[in-house]
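Step one of this worksheet: look at the structure below.
Every number in this text was worked out from the coordinates using simple rules, so none of it is lab data. It should be emphasised that the depicted structure is a prediction, and the values quoted were computed from it without experimental measurement. Glycine also receives a Cβ, built like all others from the backbone with ideal geometry; neighbour counts cover every protein chain displayed.
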Amino acid sequence: MQQVMDRLAQQIAFLAEADKLKGILRRTPLIDDSRQENSAEHSWHLLLVAIVLREYADPALDLYRVLEMATVHDLVEIDAGDTFAYDTAGIETKAEREQAAADRIFSLLPSDQRDRFRLLWEEFEAHRTPEACFANAIDRFQPLLQNAHSGGGSWRTHDLNRAQVIKRMAPIETAMPGVWPAVVKVVDTFCATGVIREV
C-alpha cells in the first residue's frame, strides 16, 4: 500500500508542476488577437490539430504516440521558457536549457513514467520517426493557423521574410504534403499584404 501511495504522490507532484505550463507565454496571439496564448493552450490546441488533420498523414501513423509526444513536448518550457522560433540567440542555448529542464521535470515521475516521457520528448526533438515528423508538422501548423486568423500575429510584430517562414513551416511539406499548398497560399497572402517581407 505504501508503495502505491508513494507512486501516487510522485505523479501528483508532477501533475502539479505541469500546471505551471499555463503561465508560460508564447509569441503567438490567440485568433481574436486579444492576448498571447500560453504553452498549455498551445499543447491542447495541438492535440486537436493532430486529431483533425490525421487524414493528411501516413495511414500507418500511430496517432496515440503522436498525441503523447504533443502532450509532453513543451513541458520543458516550465524551466526553459518558450524560445521564439525566429530568435537566433535563444535557439543557440535552447537545447542545453531544455535538456536540463527535461532532467528535472521528468524526474518528478516514478522511474517507469520518467523514462517513457523522456523518450517521447527525445523522439519529438529528433524528428526521425513518422510520428515525430507529424508531431513537428502540426507544431508548425498550429501557430500558422493562429497567425493567419489574427491578421499576421507574430509575423506582423517580428519583421520576418518569406524564406524564414517557409523554412520554419518545412516539416509540414514532408509530413502532410496535401496540406502544403494551403500553407504556401497563406504565407504568400501575407507577403502580398506586406506583413511578411518577400526578402
Residue hits (region 25-39; surrounded by fewer than 19 Cβ atoms within 10 Å (Cβ to Cβ) and not in a strand (DSSP E or B)) are L30, I31, D32, D33, S34, R35
Quiz item: Could we say that D79 is in a helix (DSSP H, G or I), without any contact (Cβ under 8 Å) to a residue 40 or more places away in the chain and out of contact with any helix residue (DSSP H, G or I) (no Cβ under 8 Å at 6 or more places or on another chain) here?
Solution: no
Of the candidates T189, T174, T193, the one satisfying the condition of being out of contact with any strand residue (DSSP E or B) (no Cβ under 9 Å at 6 or more places or on another chain), surrounded by fewer than 21 Cβ atoms within 10 Å (Cβ to Cβ), under 22 Å from E125 (Cβ atoms) and of a type in the set (S, T, N, Q) is T174
In region 91-119, anything under 16 Å from the mean Cα position of the chain (by Cα) and either closer than 22 Å to M169 by Cα or not in a helix (DSSP H, G or I) (or both) is listed as I91, K94, A95, E98
Note on region 133-162: residues of a type in the set (D, E, K, R) and within 15 Å of the chain's Cα centre (by Cα) are D139, R140
By residue number, the members of region 153-165 that are farther than 15 Å from F84 by Cβ and either polar (S, T, N, Q) or buried (at least 17 other Cβ atoms within 10 Å of the Cβ) (or both) are N161
Exercise. Kindly check whether there is at least one residue in region 162-170 that is over 30 Å from D62 (Cα atoms), among the polar types (S, T, N, Q) and not in a helix (DSSP H, G or I).
Key: no
